[in-house]
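Have a look at the structure below, then the notes.
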Amino acid sequence: MLRFSSIALVFLLSAVSCPALAQVQGNLRGNTEPFQVTGQVRYVNGTPANDILVHLETLTGGYVGDVRTDRLGKFRFQNLLPIQYQMTIRIPGFKEIDHEVNLVMVSSENLQFQLVADAPARPPLSKTVLDASVPAEARKEFEKAEAALETQKKEKISEGIHHLEKAISLYPNFLEAQLKLGVAYMDLQQWDRAERELRRALEINPKTANALFALGEIYWRQKKYDQAESALREGLSIEDRSWQGHFTLGRLYLSKGDIAKAGKQIALAIQLNPNLAEAHLLAGDILLRANKREDALAEFQEYLRLAPNGEYVEQARAAVEKLKK
């Protein structure tokens, strides 16, 4: 964003913090209206973007404040000085918005912003995207493991684990197989063994974000909340556009009773993956606790739309009926 040189008066005004200055300047121009900036943030499909952080600073870099959009995606900055400002909206998974606001000649501005998805994150490794140095025999074992694990049957999980262990014995640094082995043990709820295999994956590559997210899930289920938060935040420092990381961190904060932090993480998960049904269910629970009943109703209804045969359909329907009454 190009920044234009400000006249001497602008520098003078940006350095003064007297609340009455804006009114004095308005009177000099025959304008007694308060100086403010309002606006609305929406997604590309037109849906209002609620709980989005909007940052405002002076054009010279002085901090003014942060506000969050309401359920209609609207925001407002009031009692401003008649100077130039820089507005920024930065959200994981979306292109950053930078906008210059000039209140030197006008007393207010109303802005409309649209959140545009950033380039998609690199897809997870699959049987078609493997380390080129993996021997052919190890690849075959890995493919057999994937075929067994895709059935999601308990007996097939054990079969898949057997093939993964054989693949790793043929190629000890087989990261994809090591990661999948840890997740397979998670499916069997063998938490200690799963943790050990995932730690081994991190030894192969310490920047494996999915291994850290899986560890966070394990620690959360074991109520080791500090370890879970540490693992999840480390994973998000590597891949901040992971809906999985934000969703699991949101569940962690909800378990700890920190509704504000939980809401922020679940909102990020929904922004990154709008079709994540369980995230809408948790969002409804969080909004209900915050006594935002209309918003909670919308989230429960969205869960029912996305997962009409989901695990929590009965609870969601009961919540919808109660809120409608």
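Annotations for the structure displayed:
- In this structure, Lys156 qualifies as over 24 Å from Arg241 (Cα atoms) and among the basic types (Lys, Arg).
- Contact map, the range 41-57: first residue crowded, with 17+ Cβ neighbours inside 10 Å, second residue of a type in the set (Val, Ile, Thr) and part of a strand (DSSP E or B), Cβ cut-off under 6 Å, separation 6 or more or different chains; pairs are Ala49/Val41; Ile52/Val41; Val54/Val67; Val54/Ile89; Leu56/Val64.
- Residue in the range 188-207 that is at pLDDT below 95, touching an Asp or Glu at 6+ places or on another chain (Cβ under 7 Å) and either within 30 Å of Ile89 (Cβ to Cβ) or not acidic (Asp, Glu) (or both) present: no
- Among the residues of the range 59-90, those identified as in a loop (DSSP other than H, G, I, E, B) and crowded, with 20+ Cβ neighbours inside 10 Å are Thr69, Gly73, Leu80, Leu81, Pro82, Ile83.
- Any helices (runs of 4 or more DSSP H) falling wholly within the range 252-325 and containing at least 1 residues that are at pLDDT 90 or above and of a type in the set (Ser, Thr, Tyr): 293-306
- Count of the range 213-246 residues which are buried (at least 24 other Cβ atoms within 10 Å of the Cβ) and within 15 Å of the chain's Cα centre (by Cα): 6
The values are calculated or read from the model by the stated rules, or taken from the named source; none is laboratory data. None of these values were measured; they are calculated from a predicted model. Methodologically, a virtual Cβ is constructed for each residue, glycine included, from the backbone with ideal geometry; neighbour enumeration extends over all protein chains shown.
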